[in-house]
């Protein structure tokens, strides 16, 4: 039972790390930095930490076949694209609605997993999605948002972010022979940094913003919680729990994001949002709890 719970718990911790990122970025913005600078610092320092960890702990380079390289590079690319397109969606959508759009990755990830494995979703998975979808709408406060006048680009970027994160989970669900978890994190973060540097603000590395103006403080926090720790945990746990369940468990990001914003940024929270968070937690835990119950019934008395 301990092993059964360990891997889902890793996915929950990893997604919780992602939930803290938006608050850290907002704090950085309150201190004069742009969101693009904060995100770029996240990938620069996160990649640097991953490379340092690789140098200190590994003695050989990864030896991957073609399929393994596609898996690791693909995961790195979708790590970077998620950050880029989600940031773009915030230019058009209210924050609460952007969160709702991002969390469409739960059903997208489930149906993508079903398509790849040529199976139908189980009744438990569908019930969990119903809880997650309804709870997300309530928790994000989207019922109080005026949807009139929102540009189509916002919907497009929001849906692209959801699709990108769902693909990231799917690539991470594939095992890759010939590479350690530490090396996998290093390669993924390097690929993501390369992509981020093309579209965001790589000039912070030489114009004094990163180290001279103190952006590195936020970069360290973002790098650890947005690159090193979650990718490390995802790389270990997602191949064990599968892409479908990982997509559902990753919904933990939403209640964490709302809770941290209330505690750190003093944002208001309503009773309806608290109710929504509870519904999200129920939907997230349902598959694991039912799986444990099934295993207990199957064990001989």
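What follows draws every value from the coordinates through simple rules; no lab data is involved. Only a predicted model underlies this, so the values are computations on that prediction, with no experimental measurement involved. Neighbour counts run over all protein chains shown; Cβ positions are idealised from the backbone, glycine included.
General remarks:
- Gaussian network model of the chain, springs between alpha carbon atoms under 10 Å - residue of 128, 261, 41 with greatest fluctuation: 261
- Relative contact order [Cα under 8 Å, 6+ residues apart], the chain, whole percent: 41 percent
- The slack between residue 224 and residue 266, meaning 0.36 nm per residue of separation minus the straight C-alpha distance, is 12.7 nm.
- Shape class of region 8-116 from the alpha-carbon gyration tensor: oblate, with a/c at 1.5 or above and b/c at least as large as a/b.
- FRET efficiency for residue 116 and residue 91, using Cβ-Cβ distance with R0 set to 41 Å, rounded to 0.05: 0.80
- Estimated inter-spin distance, residue 127 and residue 206, nm [label 7 Å along Cα→Cβ]: 5.9 nm
- Global form of region 2-296, assessed from the alpha-carbon gyration tensor, a/c cut-off 1.5: oblate
- Put in order of Cβ neighbour count within 10 Å, fewest first, the listed residues 262, 271 become 271, 262.
- Packing, as the average of other Cβ atoms within 10 Å across residues, places the peptides 214-223, 98-107 in the order 98-107, 214-223, highest first.
- What separates the Cα centres of region 225-282 and region 194-215 is a distance of 28 Å.
- Region 71-219 shape via C-alpha gyration tensor axes, a/c threshold 1.5: oblate
- The chain, helix-only ellipticity at 222 nm - DSSP H runs n ≥ 4, -39,500 (n - 2.57), divided by all residues, nearest 500: -25000 deg cm²/dmol
- Cβ-derived FRET efficiency at R0 35 Å, residue 9 paired with residue 194, nearest 0.05: 0.65
- Put in order of Cβ neighbour count within 10 Å, fewest first, the listed residues 70, 45 become 70, 45.
- Relative exposure of 134, 197, judged by other C-beta atoms within 10 Å (fewest first): 134, 197
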